[in-house]
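Q: Would you mind keeping the following structure in view while I ask a few things?
The values are calculated or read from the model by the stated rules, or taken from the named source; none is laboratory data. The model shown is predicted, which means the values in this text are computed figures rather than measured ones. With ideal geometry, Cβ positions are generated from the backbone for all residues, glycine too; neighbour counts draw on all protein chains shown. Only protein heavy atoms, including side chains, enter the accessible area calculation; ligands, DNA and RNA are left aside. Shrake-Rupley method; radii C 1.70, N 1.55, O 1.52, S 1.80 Å.
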Amino acid sequence: MQMDENYEKLARVLCRRSMKVAAGEHVMLDLWETPAEMALALISEISSLGAHPHIRLNDARLSRALALSGGEERLAVDADCDMYRIKKMNAYCAIRGASNIFEMSDVPPERMAEISKAMKESVDWRVNKTKWVVLRWPSPSMAQLAQMSLEAFEEFYFKVCTVDYGLMDEGAAAMKSLMESTDRVEIKGNGTDLRFSIKGMKAVPCTGQYNIPDGEIFTAPVRESVEGVVRYNAPTVYNGVSFDSIELEFKCGRIVRADSPSNAETLKKILSSDDGASYIGEFALGFNPYINRPMRDILFDEKISGSFHFTPGQAYIEADNGNKSRIHWDMVCIQTPEWGGGEIYFDGKLVRKDGLFVGGGIEKLNPRHLAGAV
C-alpha cells in the first residue's frame, strides 16, 4: 500500500468512525508536527462529507519556550482564545507528532500544573461537548522508543490504527453489560492486590471513537472504595518526565503511598497537584490485538491486549465518580504471562486470567477473535 493510501484510510477512520462528521459541521484539526499530506487527506475527507475543516498548527519546541517564559496574562488570553475557538467546533481531531517526546521534561511540574489549570475549561468543553479523537503521529523518536526501525514502526502504526474496529463491538457490548452489573472488583498479580467497587457506574466501550489506536473499555471506581496496592509494570511518560515503574497504595480511595525508583519526588509532586490527583478517576481494560508491549506512548500503551489502567485524576463525564482534578494520568499494568500474569475478578468470578478474557461473550475480545481486524 502506498503511503498516501495509508493517509486516506486513516482519514476515513477518523472522520467516519471516530468523529462521525456530518454535513455542515465545523471540525478543528489540531496538528503537532504532522505532515502536510496527512492534513490534506483530512481536509479532503472532511470536505467530501460537506463539513468545514479548520486548522491550528503547533510545535513542541515553541510550546516549551512559551511554558518556560511564564506570563500569567498571556496564559489567561490563550485560555480565553482556546475556549472561544472550541465553542465554535462540532468535532475536534488532534494529531500529536513529536520529534522529541521529552521536549517538556525540564519545564517545572508546578508550571505544567498552572498551564493545565488555565486550559482545563476549554479541555473539558472539548471532551464533554464535541465529537473528538486524539492520536499520535509516527516519528523517529516513537520508533526508537518502540525499538523498531522507522519503516517497521510506520507499518505497525497504520496496522493498529486502521483495524476494523467494528469487529470489537460484540465483545465490548458483552463486557459493558458485565461491568455495569458488577459491584466488587479484585485484581491480583505480581505486586498487585487491589479491591474496589464499580457499583452503579457506567462502562464505556472505546472501539475507534476517541483515541486512535483504540481498543479499551473504561469505567470508574466508586471514589472512596479503592483499597490495596497496585504495581504498574509499563513504563510511562508524563509531561515529558519518564517513570520506569510506579507503585501506589490506597486507603479509603486515597493514595497514601506513591513510589517510583526513577522519579519518586516528581511522582509525589504530580499526585499532589490538587486533591483529586490522589484519587482514581478511571479503571479500564485494554484489548487491541496488535499492541502487546509498551512503547512509552500512552495512546498505544493503554490499549495493550491483556492490560488494565488505573488512572489518578479527573474522571470522564461518561463514567463520572465525582473526582475532579487538573491531571489525568493513565498508568498501565500488563497481565499477560510475559509480564507476570494476573487475575481479575468481578463479584468473585474470574473474568480475565493472564490477559485473556473468560466466557460470557467477553472472550470475543481476545486476540484470536480479533486477529482478522486489519
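Q: Expressed as a whole number of Å, what is the distance separating the alpha-carbon centroids of region 49-76 and region 195-218?
A: Value for the Cα centre distance between the two parts: 29 Å.
Q: Defining a contact as two alpha carbons under 8 Å apart and six or more residues distant in sequence, what relative contact order in percent does the chain show?
A: Relative contact order comes out at 14 percent.
Q: What list of whole percents do you get for P(r) of region 221-285, with Cα-Cα distances grouped in 5 Å bins up to the one holding the largest distance?
A: Calculated P(r), rounded to whole percents: 4, 17, 28, 28, 18, 6, 0.
Q: At 1.4 Å probe size, with every protein chain present, just tell me what the per residue accessible area of the chain comes to in Å².
A: Each residue of the chain exposes 42 Å² on average to a 1.4 Å probe.
Q: Ok, one more. Would you mind giving the three semi-axes, in whole Å and largest first, of the ellipsoid equivalent to region 51-180 according to its Cα gyration tensor?
A: Ellipsoid half-lengths, sorted descending, are 30, 23, 15 Å.
Q: When only alpha-carbon atoms are used, what values of Rg and Dmax, in angstrom, describe the chain?
A: Just the Cα atoms of the chain yield Rg and Dmax of 19.9, 56 Å.
Q: Another one. Using square roots of five times the C-alpha gyration tensor eigenvalues, list the equivalent-ellipsoid semi-axes of region 108-161 in whole Å, biggest first.
A: After scaling each eigenvalue by five and taking roots: 31, 18, 5 Å.
Q: Order these peptides, 155-163, 210-218, 186-194, by their mean beta-carbon neighbour count within 10 angstrom, highest first.
A: Highest-to-lowest ranking by the protection proxy: 210-218, 155-163, 186-194.
Q: With 27 Å as the limit, write out which pairs from Lys120/Lys364; Lys159/Lys202; Lys176/Lys269; Lys9/Lys120; Lys202/Lys364 have Cα-Cα distances beyond it, or answer none.
A: The pairs that break the limit, which is 27 Å between Cα atoms, are Lys120/Lys364; Lys159/Lys202; Lys176/Lys269; Lys9/Lys120.
Q: Probe radius 1.4 Å, ligands and nucleic acids ignored: give me the carbon and sulfur share of the accessible area of the chain as a rounded percent.
A: Carbon and sulfur atoms account for 52 percent of the accessible area of the chain.
Q: Follow-up. Helix-only mean residue ellipticity at 222 nm, the chain, DSSP H runs n ≥ 4 weighted -39,500 (n - 2.57), per residue, nearest 500. What is it?
A: On the way: 11 runs with 115 residues, N = 374.
The helix-only estimate for the chain comes to -9000 deg cm²/dmol at 222 nm.
Q: Based on a Kirkwood Rh over C-alpha pairs, give the Stokes-Einstein translational diffusion coefficient of region 242-374 at 20 °C and viscosity 1.002 mPa s in µm²/s.
A: Roughly 135 µm²/s, to the nearest whole number.
Q: Just subtract the alpha-carbon distance of Ser99 and Ser181 from 0.36 nm times their residue separation and send over the number in nm, one decimal.
A: 25.1 nm
Q: For region 169-228, what is Rg from Cα atoms divided by 2.2 N^0.38 Å, rounded to two decimals?
A: Working: Rg = 12.8 Å, N = 60, 2.2 N^0.38 = 10.4 Å.
Taking the Cα Rg and dividing by 2.2 N^0.38 Å, one obtains 1.23.
Q: Tell me the relative contact order for region 325-374 as a rounded percent, counting alpha carbon contacts under 8 Å between residues six or more apart.
A: Dividing the mean separation by the residue count of region 325-374 yields 21 percent.
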